[in-house]
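Below is one structure, written out as structure tokens; the observations come after it.
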């Protein structure tokens, strides 16, 4: 082992995938490094792969095993993929948590939701103010993104300065929050940047990003041209967009009402932390119900087609007494996240059935991304001139593209997917070792490992169906066999043909089975499972999951 | 009831959705119409909504109940969403089936796959040849699409001529099959068109469609510039694209090998029905394994990320002894169908991890759609000048857009989603009544109704887990309770804490329960289910599905 202090970077989640961000920085002698953690996010489950799971997050096992060497957690911004696991994983980590005011307000609520002390989350001032954590000095660099008070982290270490961008875009007029200031970036870069750990989400977007401020006139015109009720949706946490939409509504002469719990909550955080500035006047639901629809604009939750959100409820019929009808307009001021196309499509079609005009982001006029596009990334590379660039926040293909972009400009770069421990000490990044990483699932109220088999068992029942069998044995004799098929064709009555087929076959084979077999639960289980598979494959073409319960009666 | 003969159109599937096309045309007195059916397609299941299901199709119940009045089935082309249910539903219908040669070759194989007589499928010649079926005379109009020998149907009825386009594009140089011929269209239109029932898939695509023939030079350049092995994928049935890709490979000086069972099969149908024309030379797998990778091009299955196809296998490591490596190029000469983004993304990221360069359709240079875009649809409207336009083949939003496009040109139009019986007799289309439509699932070897509850039961087990209980009662006394939780946290050992918790609680409550309750299976079931819900909600935060099996021992 080296006797030199090393500066290391280790992503535990969010690298090679979009979601559940969790990064470690370490500094010190090998095996004695002090660590800080950046972000504790979640990703969302799907029927395909994680049915019934509530949330997915990176497993912090690596740092749990070295907990005495973790000094602090820094949260870059309040999106779920950066903060969503805080309340759930905090009990395992229990070190100070830092965040800017808006983010801290969300973080504290997350802590309370999970029964944790909200006040361990400490509010920080931004750059040039520094927080010391072991060998690290960390400063929050305000950056524009699709949520208030996003920030990069300027991490000063004995081996040099790191800029960890978090999620960001370059926006000189972001409507909410600090504008992009190239001079400030240049000041941060002055002493030289050891490593830029940088958002890669939009590396495939060839045009420079557009400012939030470019949207107002397009949206105002859209609303002015609309005849019926106007309804718009966006991400609840995109408070700047809420402001853009509300302002456009007011500019078009409409009364504006914001609906949906998560939007209300985000607005409340934004108000309490005073990030909103002058927000256009809103009306309450009761008043909205009396405004003529051609004078009304609703801003609602559910841009991703979430089944319980306001947009889906409006698409199904009614939300809080409000309904949409022919001639109304619905605007998706958002992009559809890959994987949500079908649920968003369902809403669009429902609105189409009602005669509601649906406008989406196809034209590029009603939504701007919260991430830096390729030319913006290049601008940031050029200002910071880092020795090393580590692409972050992207699927593997994004990381690769970003690495190649950096290398094309002579910046040393490496792809660091989850578990890749990278040594940043030298001029070039080096892969030291690969750490096994895992995912945790919040399933009901339990945290389980992705490989525990619980969810796999559910997937097997979902695709193959189930046969439960209760077998009663008394003194080496089978006296009862009961089969109940679930989720198999022809099995929905209380006593049906498939159940009977299975019972008859199992009874027959067990009655002719050797006593030795009847005495072994394992052997009986295997035999009965084989019989169930054979009967079901033949009768319905599927081999179900079997649950064999062997009850042995013993004489008193 | 009217005493007049009516011409009616009734979609049973594929209208208001993309997939499982099934349309009826009827002519005659109300209640005595003679019918023909057009297409019998499937749509594909997903974990989200239809876990474990093999195929989904429209339920032909309406026409089954009037089977003596169905005269024939006409298949427009061999895509699964138009032909996939033929072998499965034929036994319910059993009338002559017509198709062009290539389509018939596929149709016959579908029939054989399901144990049906392939020779009921009759090969037809195309326009001006007519097939008589009751009051209908049907002629096949060759149209370009992304499969050989697609065709529209010219349906002559006593009430006028209908053109049912099927899926089509306008392509004056389609590489395989007949070129678009406006003069032929004009000839068909000469006597006047009563109704145009028209593909709506690409009504939102604003630019005129491009010809298949525009791709060769782009793809040839891409291949020439590639250094390592070149691999391309597209839909197996897109035989023209196979030819384009193979020709580009040969033009770039490579040996070309086609891999993947479904592609081999489609090539065989194409060869046997002589639709291919001069196909570039191909090499066999054994030879491909000896060609230097920079001289090799593979054309493989799996453009939609299908887990078992060649592309996914290459992404996971190896396919038929071939592997991809850094410096190779993989081309998606295809579009990703909504809903498949995640599975396609998985492959792209795996290739990125290997260092394989992935090219997709983003640039529009390597793929053209098989459907008519908006200006092409307008061209068709203008040539046919139909009295009525019925938008077909699209989600509801596509149908609406197409209807509005037609109306904007003074063509009478109506949206006819599944189950809408439309009267085409008069100058304007009229909704006569709404027929209940349903879906059938192929589940294993059984056809079940979508609302039978089988799949719902599987979804419930997938999201909530299951507790199976075996309870033994002897002479009004509970002598044994056995609980087995499946797919729930903390339940994977053979005897675990959750199972014990449930068993203890159930035993305790049953022992103190009234004799009357113990004598009723239903009451016991309800009580036990309540106990299971309470214990599990408390212990793991989920209310599972319960399967309670009550075994009553009776004295001999």
Odd one out for residue B:490 among (1) touching a helix residue (DSSP H, G or I) at 6+ places or on another chain (Cβ under 9 Å); (2) modelled with pLDDT under 95; (3) under 20 Å from residue A:543 (Cα atoms); (4) facing chain A (nearest Cβ under 8 Å): (3)
If only one of B:466, B:440 is at the interface with another protein chain (Cβ under 8 Å from one of its Cβ atoms) and touching a residue at least 40 places away in the same chain (Cβ under 8 Å), which one is it? B:466
Across region A:223-235, the tally of residues that are under 26 Å from the mean Cα position of the chain (by Cα) and under 22 Å from residue A:210 (Cβ atoms) stands at 4
Can you say whether residue B:410 is under 30 Å from residue B:237 (Cα atoms), more than 14 Å from chain A (Cβ to nearest Cβ) and not in a helix (DSSP H, G or I), as far as the supplied structure shows? no
Please determine, by comparing only the residues of region A:329-343 that are at pLDDT 95 or above and either away from chain B (no Cβ under 14 Å) or closer than 16 Å to residue B:46 by Cα (or both), which one is surrounded by the fewest Cβ atoms within 10 Å (Cβ to Cβ). A:334
Evaluate the following for residue A:324: is it surrounded by 19 or more Cβ atoms within 10 Å (Cβ to Cβ) and away from chain B (no Cβ under 14 Å)? yes
Test for residue B:155: is it within 23 Å of the chain's Cα centre (by Cα) and at pLDDT 95 or above: no
Which of the residues belonging to region A:381-404 are surrounded by fewer than 24 Cβ atoms within 10 Å (Cβ to Cβ), touching a helix residue (DSSP H, G or I) at 6+ places or on another chain (Cβ under 9 Å), more than 10 Å from chain B (Cβ to nearest Cβ) and part of a helix (DSSP H, G or I)? A:381, A:383, A:384
Can you find a residue that is surrounded by 21 or more Cβ atoms within 10 Å (Cβ to Cβ), in contact with a helix residue (DSSP H, G or I) (Cβ under 8 Å, 6 or more places away or on another chain) and under 14 Å from residue B:299 (Cα atoms) anywhere in region B:198-218? no
Looking at B:47, B:37, B:20, which one is more than 14 Å from every other protein chain (Cβ to nearest Cβ) and within 17 Å of residue B:443 (Cα to Cα)? B:20
Residue B:469 being more than 27 Å from residue A:45 (Cα to Cα), at pLDDT 95 or above and under 41 Å from the mean Cα position of the chain (by Cα): yes
What is the one condition in (1) in a strand (DSSP E or B); (2) over 30 Å from residue A:54 (Cβ atoms); (3) facing chain B (nearest Cβ under 7 Å) that residue A:547 does not satisfy? (2)
Hey, residue A:356 hits all of (1) farther than 24 Å from residue B:207 by Cα; (2) more than 20 Å from the chain's Cα centre (by Cα); (3) more than 11 Å from every other protein chain (Cβ to nearest Cβ) but one; which does it fall short on? (3)
Residues (part of a strand (DSSP E or B) and free of Cβ contacts under 8 Å to residues at least 12 places away in the same chain) located in region A:443-463: A:446, A:448
Within region A:445-463, residues buried (at least 19 other Cβ atoms within 10 Å of the Cβ), at the interface with chain B (Cβ under 7 Å from one of its Cβ atoms) and under 23 Å from residue A:534 (Cα atoms) come out as A:457, A:458, A:459, A:461, A:462
Verdict on residue B:509 being touching a helix residue (DSSP H, G or I) at 6+ places or on another chain (Cβ under 9 Å), surrounded by 14 or more Cβ atoms within 10 Å (Cβ to Cβ) and closer than 30 Å to residue B:454 by Cβ: no
Search result, residues across region B:250-269 that are under 30 Å from the mean Cα position of the chain (by Cα) and under 17 Å from residue B:293 (Cα atoms): B:256, B:257, B:258, B:259
The residue that is nearest to the other protein chains (Cβ to nearest Cβ), considering only those in region A:469-487 that are outside any strand (DSSP E or B) and either out of contact with any helix residue (DSSP H, G or I) (no Cβ under 9 Å at 6 or more places or on another chain) or surrounded by 22 or more Cβ atoms within 10 Å (Cβ to Cβ) (or both), is A:487
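The values are calculated or read from the model by the stated rules, or taken from the named source; none is laboratory data. Owing to the predicted nature of the structure, the values given are computational and were not obtained by experimental measurement. We place every Cβ from the backbone using ideal geometry, glycine too, and count neighbours over all the protein chains shown.
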